[in-house]
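Peer 1: Can you keep this structure in mind? I'll have questions shortly.
Nothing in this text is a laboratory measurement; each read-out follows from the coordinates by a stated rule. None of the values given here were measured: they were computed from a predicted structure. Please note: Cβ atoms are built from the backbone with ideal geometry, for glycine as well, and neighbour counts cover all protein chains shown.
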Amino acid sequence: MDSHGRDAATAEEYERAVREREAFRGRIASAASAHGVDLWITPGATGPAPRGLATTGSSVMCLPWSHAGLPSPCVRTRRAGRLPMGLHLVGGRGADERLPAWAPAVEAAVEAGRG
């Protein structure tokens, strides 16, 4: 058991999970290469941020990118009422430093779409 009372993974389960993560990374990289994708843009959340400070909301929309070890900052793009909404800018492995350069173009595209 781990420190939270859950059954710990066996060595075989851990090794399988690592292999599956590497396969997932490979599929993403292959798809990006095959289609000339420099940047994936995905919803940052399933809806607006929750009210209050008790939670930041669900992390489900960042799970694939975190699992794959890909940089995926979320940038605010609009508001739903007074609550912010955003988009994940997902880059390839090692693209962390290139992602901020995309933010102004994404923001401009979102603003142009509102017009």
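Peer 1: With each run of n ≥ 4 DSSP H residues scored as -39500 (n - 2.57), what mean residue ellipticity at 222 nm is computed for the chain after dividing by its residue count and rounding to the nearest 500 deg cm²/dmol?
Peer 2: -13500 deg cm²/dmol
Peer 1: Enumerate by residue number the trypsin sites (Lys or Arg not before Pro) in the stretch 1-102 meeting two conditions: DSSP loop (anything except H, G, I, E, B), and at most 12 other Cβ atoms within 10 Å of the site's Cβ.
Peer 2: Sites meeting the loop and neighbour criteria: Arg6, Arg51, Arg82, Arg93.
Peer 1: Between the helical axis of 99-114 and the dominant principal axis of the chain, each derived from Cα atoms, what acute angle in degrees is found, rounded to the nearest 10?
Peer 2: 50
Peer 1: Place +1 on the Cβ of every Lys and Arg and -1 on the Cβ of every Asp and Glu in the chain, take the dipole about the Cα centre, and give the residue among Ala34, Gly92, Cys62 whose Cα lies farthest towards its positive end.
Peer 2: Cys62
Peer 1: Let me ask something additional. Shape call for the stretch 1-64 from the C-alpha gyration tensor, a ≥ b ≥ c root eigenvalues: rounded (a/c under 1.5), prolate (a/b greater than b/c) or oblate?
Peer 2: Cα axes put the stretch 1-64 in the oblate bin.
Peer 1: Where in the stretch 40-82 does the label zone of Ala101 land, with the point 7 angstrom along Cα→C-beta and an amide N cut-off under 18 Å?
Peer 2: Under 18 Å, as judged by backbone N against the label point of Ala101, lie 40-41, 71-73 of the stretch 40-82.
Peer 1: Classify the stretch 34-115 as rounded, prolate or oblate, taking a ≥ b ≥ c as the square roots of the eigenvalues of its Cα gyration tensor: rounded when a/c is under 1.5, otherwise prolate if a/b is larger than b/c and oblate if not. It would help to have the intermediate numbers written out before the result.
Peer 2: Numbers: a/c = 2.27, a/b = 1.26, b/c = 1.81.
Cα axes put the stretch 34-115 in the oblate bin.
Peer 1: Work out, step by step, the length gained on full extension between Arg25 and Arg93: first 0.36 nm times the residue separation, then minus their alpha carbon distance; give nm to one decimal.
Peer 2: Computed gain between Arg25 and Arg93 is 23.6 nm.
Peer 1: Counting other Cβ atoms within 10 Å of each Cβ, which GluC sites (Glu not before Pro) in the stretch 11-115 have at most 12 and sit in a DSSP loop?
Peer 2: Glu97
Peer 1: Taking only Cα atoms, what is the 0 to 90° angle, nearest 10, from helix 11-35's long axis to the longest principal axis of the chain?
Peer 2: Approximately 30 degrees, to the nearest ten.
Peer 1: Another one. Taking H as built 1.01 Å from N, whose amide H comes closer than 5 Å to the amide H of Ala45, not counting residues under 5 places away?
Peer 2: Residues meeting the criterion, in which the H sits 1.01 Å from N, are Gly86.
Peer 1: Taking amide H positions as placed 1.01 Å from N in the peptide plane, with prolines and chain starts having none, which residues 5 or more places from Arg78, or on another chain, fall under 5 Å of its amide H?
Peer 2: HN-HN under 5 Å from Arg78: Met85.
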